[in-house]
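Worksheet: one structure, shown below.
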Amino acid sequence: MQAVPDFYRDLLLMRKFFAHVTGIGEFAQEFIDEGVLVFFADSAPEELQEHAVVHDDEETLHDDVAVGDKIRIGSVKLPVLAVGKVANENFRNLGHLVLKFNGLSEPEMDGDVCVPEVVAPDIKLGMELEVMRD
């Protein structure tokens, strides 16, 4: 058996989640305009997908999202500042991630994941969504 090259081993150890954007719900922009990116896996009920950025669900969350992790959306990397107490459960069960661009170190709601207060990136089909350890 051939050993895994260090680069790939390190990448696999750092990566907690990886997906591609497969759809943008009809009402997703309303949330984005308010500084909130709502994600759901493409296996979630259609009525939830209408309000969300939809991603493939070929990969599940390998390890909890934690403060200090990085979330990459396309070419934009954002540090995680806060994680609500049910955010990881929601992410595992429905691919549901509520990313709030509010700069808070304490989540407002139990399902929130907070990142710096910056403008959310423009979402395009095929974009990568990745969660990595710091």
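Those strands (runs of 3 or more DSSP E) of the stretch 28-134 in which at least 2 residues are among the aliphatic types (A, V, I, L, M) and out of contact with any helix residue (DSSP H, G or I) (no Cβ under 6 Å at 6 or more places or on another chain), considering only elements entirely within it, cover 36-41, 70-73, 76-79, 97-101, 128-132. When you check Thr22 against the structure, is it modelled with pLDDT of 95 or more, among the hydroxyl-bearing types (Ser, Thr, Tyr) and not in a helix (DSSP H, G or I), yes or no? Yes. Of the residues making up the stretch 25-58, those that are among the aliphatic types (A, V, I, L, M), more than 20 Å from Val118 (Cα to Cα) and surrounded by 18 or more Cβ atoms within 10 Å (Cβ to Cβ) are Ala41, Ala44, Val54.
Within the stretch 103-124, the set of residues being more than 15 Å from the chain's Cα centre (by Cα) and at negative phi comprises Leu104, Ser105, Glu106, Pro107, Glu108, Met109, Asp110, Glu117, Val118, Val119. For Val131, state whether it is among the aliphatic types (A, V, I, L, M) and more than 20 Å from Ala28 (Cα to Cα). Spelling it out, Val131 is indeed among the aliphatic types (A, V, I, L, M) and more than 20 Å from Ala28 (Cα to Cα). Can you tell me which residue in the stretch 26-60 is nearest to Gly95 (Cα to Cα), limited to those that are aromatic (Phe, Trp, Tyr) and touching a residue at least 40 places away in the same chain (Cβ under 8 Å)? Of everything passing the filter in the stretch 26-60, Phe40 is nearest to Gly95 (Cα to Cα).
For the condition acidic (Asp, Glu) and crowded, with 20+ Cβ neighbours inside 10 Å, Asp69 qualifies. If I ask for residues that are exposed (fewer than 15 other Cβ atoms within 10 Å of the Cβ) and more than 15 Å from Val65 (Cβ to Cβ), which ones from the stretch 110-134 would you list? Pro116, Glu117, Val118, Val119, Asp122, Lys124, Leu125, Gly126, Glu128 - these are the residues of the stretch 110-134 that are exposed (fewer than 15 other Cβ atoms within 10 Å of the Cβ) and more than 15 Å from Val65 (Cβ to Cβ).
The values are calculated or read from the model by the stated rules, or taken from the named source; none is laboratory data. Since we're looking at a predicted model, the values are computed, not measured. All Cβ positions, glycine included, derive from the backbone under ideal geometry; neighbour counts span all protein chains shown.
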